[in-house]
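Novice: This is the structure I have questions about; it appears just below.
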Amino acid sequence: MTAVALLALQVTLNAQNEPIPSVDLYTLDCEKINSTAIFDNSRPTILIFWKTFEKDCYNQISSMVDAREDILGKDNVRIVCICIDCTGKTTHVKPIIYGKDWDVKAYIDKNGDFKRAMNVVNTPLTILYDTDNSVICQYAGYCCGAEEMVCEKLKSSIALK
């Protein structure tokens with residue numbers, strides 16, 4: 001990975017213990033769910049904020065799904081995707097998730113409350129959480145090969161528990 005690619009990742013390595021904001025999100029079936037309920041404390045979580053019209057977002061989700069299955073094991077890490085550009089009609093999101101055959105939990109941030117509470121500016125934004133819901137690292141943008149860095153960080157986190 002080149003130095004330019006590393007800069008593009010904008011990696012934040014310091015773990016943070018800020019609580020997950022409590023706001024309403026929606027499932028793909030339009031059921032309301034609180035944002036704090038999307039985390040599973042039994043395994044680390046890869047949280048990806050994405051937009052339906054950005055190719056880099058598709059690439060990020062696809063590469064993380066592939067890396068999780070190939071490197072970490074499908075059942076060891078959860079991937080949660082938050083669609084942040086679905087302010088009105090959300091029926092187009094479900095076919096995207098199922099059509100790509102992504103094995104992820106997907107939610108919709110209809111009002112942008114979660115995005116604002118999490119200070120999301122650029123997408124895709126990937127945040128890694130350990131089982132205590134502490135941030136391991138985060139980075140904005142898509143960079144081919146970044147999934148290997150993500151997997152190493154998650155492996156280290158799992159090994160430390």
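Since every read-out is calculated from the coordinates, none of them should be taken as a lab result. Please read these numbers as outputs of a predicted model, since none were measured by experiment. As a convention, Cβ positions derive from the backbone with ideal geometry for all residues, glycine included, and neighbour counts pool all protein chains shown.
Novice: Under a plain spin-label model, where a point goes 7 Å from the Cα along Cα-to-Cβ, how far apart in nm are residue 111 and residue 69?
Specialist: Each label point lies 7 Å from its Cα, and together they span 3.6 nm.
Novice: Let me ask something additional. With labels modelled as points extended 7 Å from the Cα through the Cβ direction, what inter-label distance (nm, one decimal) is found for residue 98 paired with residue 31?
Specialist: Result: 1.5 nm between the two label points.
Novice: According to a simple spin-label model (label point 7 Å from Cα along Cα-to-Cβ), what is the distance in nm between residue 131 and residue 24?
Specialist: 3.4 nm
Novice: So, one more: Between residue 91 and residue 152, what length comes free when the chain is fully extended (0.36 nm per residue of separation minus the Cα-Cα distance, one decimal in nm)?
Specialist: On the way: separation 61, 0.36 × 61 = 21.96 nm, distance 3.55 nm.
Net length gain for the segment: 18.4 nm.
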